[in-house]
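All remarks here apply to the structure that follows.
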Amino acid sequence: MAGITFPRLAAFLTLFLFTYHVGYPQDEIDSLITAFDQQADEALKAATALAIGRELMRTDSAGAVKYFRACVEIAANENGLEALWRECNSLWGRFYVLKGEFSTGETFFRKNLELARSGRFPDRVSADAFTDMGALSVYQQAFDSAIVFLNKGIDLLEKSNAKPNEFLSPINNLFLIYHDQSKVEKALETALKGLEWAETAEDARFAAIFTLNTGMSYSMQRQRNEAIHSYKQAISLAREANLPQVEGTALSNLSGEYENLGLWDSVKVCALEAIPLLEAHGDIRLQTGNYVQLAQVARQAGNTALVKEYLAIIQELLTKMPSIQAETAYWQMIGELHQQEGKWQAAEAAFRKGIELTDKIENLERKANLTEALMRLFVAKHQEDSANVYFDRYAALKDRIISKDKAEALARMETEFEIAKKESQIAKQELEIAQVHADSLQRTYERNRLLVGVIILFLIAVGVGYSFWRSKKFNTLLSAKNHELTEANEQKEALLKEIHHRVKNNLQTISSLLKLQARSTDDPIALTPLLEGQNRVESMALVHQKLYQTEDLREVHFQEYLEQLMDALSESYDGKSQQVETVVNAHDISMDIDNAIPLGLIVNELVTNAYKYAFQGKEKGSIRISLHKEKEAGYRLAVSDDGLGLPAGFSMESPHSLGMRLVKMFTRQLRGNLNWHSDSGAHFSIQFQGIQS
């Protein structure tokens, strides 16, 4: 990765992070392949092919390409699958980019662009095509093209009313470009805009990233206090969101700001915290910078042995990833060590090597420091002519630095002045326009006041007669329309009841088939998932049954629903549950079908687990289910038993059973938070907002 600039590396990591994820076990991949072979629905077949291709990218390149091709062939010939088509092309392209086959990968991104420009893709899908191409252009360092692609993508996102979180990645890529091009104002503006979007989207990951970006923008402007404040916020947000790489980068940058202020104790603390985080993620460039800072801290403390130890580490890191910035600091400290030891010739060679390197990066501050060090070396050697030469060079460099700082400060002041001037002019123009408009309104009012009075009197006379005639006609039409609406509403209610009835019958048919299959199965391992599948189907069927049996077709009364669900589960586990008492408390709680089905499935999974595992070796037990509305907002579901409790090491972060994965998935669907503990039995609690219909 040597030679890759910060934004290019960040874009590469973005492509990586959005491509790979925690994969499925091999047996589930095999199940997906079987489902693909047997699937008749084209949309589901294409989606399954994409999922298989994504999983095989890490282990089977040929297999990944096979299923990507299958997905594209299906999606290209079916209406309504444009988003799937775009996603597959994009993933296929990233697959080749991450393999190092950049030109091949680029062809897939450009294929999406062609489809977007030809009108095959709707605006929302086209937006992703342009932002994907923008990210690839950032990685290729084609920044002008990247800006065009990213801005086009953002315009299409706005046009298609995209969600706030969908703007975050393209805005971040725009920031990376402006930062690399040292467009200070643009970089800060983009970072602040991205932070606003991240907070609106409640995206903790991008909130940390854009806070870090804001700090980097302030660092470019040498606004030290603002930069330090932003880096501290980024560190806190990164820790909360478990983003060690962002935390390490923010710590490293904070250390640099403390170095600029000469706060060496703070430099040491930040650098030592940053290094293990950066090392874990392989960020050699920032590691090297932190070791340079630690060497400078040791030099300030007069600890020569520790300086040498850090310099040896820096030398090793520079062989892995060269950094001219770090190497110039390295040669300056090497020269100072040689000078302390009286090795004049070696010290001079080191200082000259550092000065030579500064010309490649135009770092005037570092060049001035090295020139001053070389001047002092000649003074110590009593070589007055050489010392005078380098004093003149040092003075000239300092003048250039001061002039540059003045020019930058003047440019910022001019920019701020122009902005304030334009805002003042706009405000003045708006005031003048408002005054002219007010004068015009006043004249119009005076001229027309008498005329309006006459017109009002006339309209009152006409209106009284017209209102009587209109009211009579309107009442007749309203009566007829109400009769039509009543009939239509009755028809719709009858139709909706019939739909719920048929869905319930179909689900019961599936349940019966599963029951028949279970009865013909002797294998206890195969029997368990069949019974669990039957219970899940019956919990959904029960929702539709409750809907068509009630006058209100929109909501399910949960006390009655949960009691019937418990009876059904008790029958399924009759031998094991004869002495298990179930208590339901969900009075006055009703849910629409969008919330009732996932909530019922959660209860089904948790109660099933209690029947299966909680009372092994116990003669009796109890299961309690409660559902109530919270005072603030939302609902709380609690499912508990007085059984053996949860197994040691139980975690919902990466559950192994399908049932627990379903509980976690439906909790997220209900916009809820899941908590659990094991104290005199297993206790699960879900606080949720519910799905907005």
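The values are calculated or read from the model by the stated rules, or taken from the named source; none is laboratory data. All values reported here derive from a predicted model rather than from experimental measurement. Don't worry about glycine lacking a Cβ; one is built from the backbone with ideal geometry, like all the others, and counts go over all protein chains shown. For accessibility, only protein heavy atoms count, side chains too; no ligands or nucleic acids. Shrake-Rupley method; radii C 1.70, N 1.55, O 1.52, S 1.80 Å.
Observations on the model:
- Test set (1) farther than 17 Å from Phe688 by Cα; (2) open to solvent by 30 Å² or more (accessible area, probe 1.4 Å); (3) part of a loop (DSSP other than H, G, I, E, B) - Glu632 fails condition number: (1)
- Every residue from region 598-624 that is of a type in the set (Phe, Trp, Tyr) and surrounded by 19 or more Cβ atoms within 10 Å (Cβ to Cβ): Tyr611, Phe615
- One residue stands out among those in region 576-586 that are open to solvent by less than 60 Å² (accessible area, probe 1.4 Å) and either in a helix (DSSP H, G or I) or hydroxyl-bearing (Ser, Thr, Tyr) (or both): the one that is modelled with the lowest pLDDT, which is Ser577.
- Helices (runs of 4 or more DSSP H) (entirely within region 216-313) containing at least 1 residues that are in contact with a His (Cβ under 6 Å, 6 or more places away or on another chain), among the aromatic types (Phe, Trp, Tyr) and under 19 Å from Leu176 (Cα atoms): none
- Of the set (1) farther than 22 Å from Phe206 by Cα; (2) open to solvent by 60 Å² or more (accessible area, probe 1.4 Å), all apply to Glu257 but (2).
- Filter pass, Ala129 being assigned to a loop (DSSP other than H, G, I, E, B), open to solvent by less than 70 Å² (accessible area, probe 1.4 Å) and on the phi < 0 side of the Ramachandran plot: no
- Listed here are the helices (runs of 4 or more DSSP H) enclosed by region 1-91 that have at least 1 residues being in contact with a strand residue (DSSP E or B) (Cβ under 8 Å, 6 or more places away or on another chain) and at pLDDT below 80, and there are none.
- Matching option when the condition is out of contact with any Ser or Thr (no Cβ under 9 Å at 6 or more places or on another chain) and among the basic types (Lys, Arg), among Arg624, Arg671, Arg636: Arg671
Condition check ((1) open to solvent by 10 Å² or more (accessible area, probe 1.4 Å); (2) farther than 27 Å from Tyr330 by Cβ) across all residues:
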{"position": "Glu199", "(1), (2)": "yes, yes"}
{"position": "Thr211", "(1), (2)": "no, yes"}
{"position": "Gly215", "(1), (2)": "no, no"}
{"position": "Ser219", "(1), (2)": "yes, no"}
{"position": "Ala234", "(1), (2)": "no, yes"}
{"position": "Asp283", "(1), (2)": "yes, no"}
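- Single residue of region 653-662 satisfying the filter (modelled with pLDDT of 80 or more and open to solvent by less than 40 Å² (accessible area, probe 1.4 Å)) that is nearest to Thr608 (Cα to Cα): Gly659
- Only listed residue being at pLDDT below 85, assigned to a helix (DSSP H, G or I) and among the hydrophobic types (A, V, I, L, M, F, W, C), chosen from Leu516, Leu553: Leu516
- Filter pass, Leu644 being aliphatic (A, V, I, L, M) and farther than 23 Å from Phe558 by Cβ: yes
- Residue match in region 663-676 (condition: farther than 28 Å from Glu202 by Cα and either at pLDDT 90 or above or loosely packed, with under 15 Cβ neighbours inside 10 Å (or both)): no
- Qualifying residue in region 286-307 (condition: aromatic (Phe, Trp, Tyr) and within 37 Å of the chain's Cα centre (by Cα)): yes
- Ala75 vs. criteria surrounded by 14 or more Cβ atoms within 10 Å (Cβ to Cβ) and farther than 24 Å from Asp41 by Cα: no
- Identity of the residue in region 107-126, open to solvent by 40 Å² or more (accessible area, probe 1.4 Å) and part of a helix (DSSP H, G or I), that ends up modelled with the lowest pLDDT: Arg124
- Pairs where the first residue, in region 249-277, is in contact (Cβ under 8 Å) with a residue 40 or more places away in the chain and on the phi > 0 side of the Ramachandran plot and the second is surrounded by fewer than 16 Cβ atoms within 10 Å (Cβ to Cβ) and of a type in the set (Val, Ile, Thr), C-beta under 8 Å, 6+ apart: none
- Hits in region 329-349 - residues which are open to solvent by less than 40 Å² (accessible area, probe 1.4 Å), under 22 Å from Arg285 (Cβ atoms) and more than 38 Å from the chain's Cα centre (by Cα): Tyr330, Gln332, Met333, Ile334
- Lone unmet requirement of (1) buried (at least 16 other Cβ atoms within 10 Å of the Cβ); (2) part of a helix (DSSP H, G or I); (3) within 19 Å of the chain's Cα centre (by Cα) for Glu158: (1)
- Taking the listed residues Leu599, Leu627, Leu569, the one that is in contact with a Phe, Trp or Tyr (Cβ under 9 Å, 6 or more places away or on another chain), part of a helix (DSSP H, G or I), hydrophobic (A, V, I, L, M, F, W, C) and touching a residue at least 60 places away in the same chain (Cβ under 8 Å) is Leu599, with no other qualifying.
- Residue list for region 381-397, restricted to those being among the hydroxyl-bearing types (Ser, Thr, Tyr) and either under 57 Å from the mean Cα position of the chain (by Cα) or part of a loop (DSSP other than H, G, I, E, B) (or both): Tyr390, Tyr394
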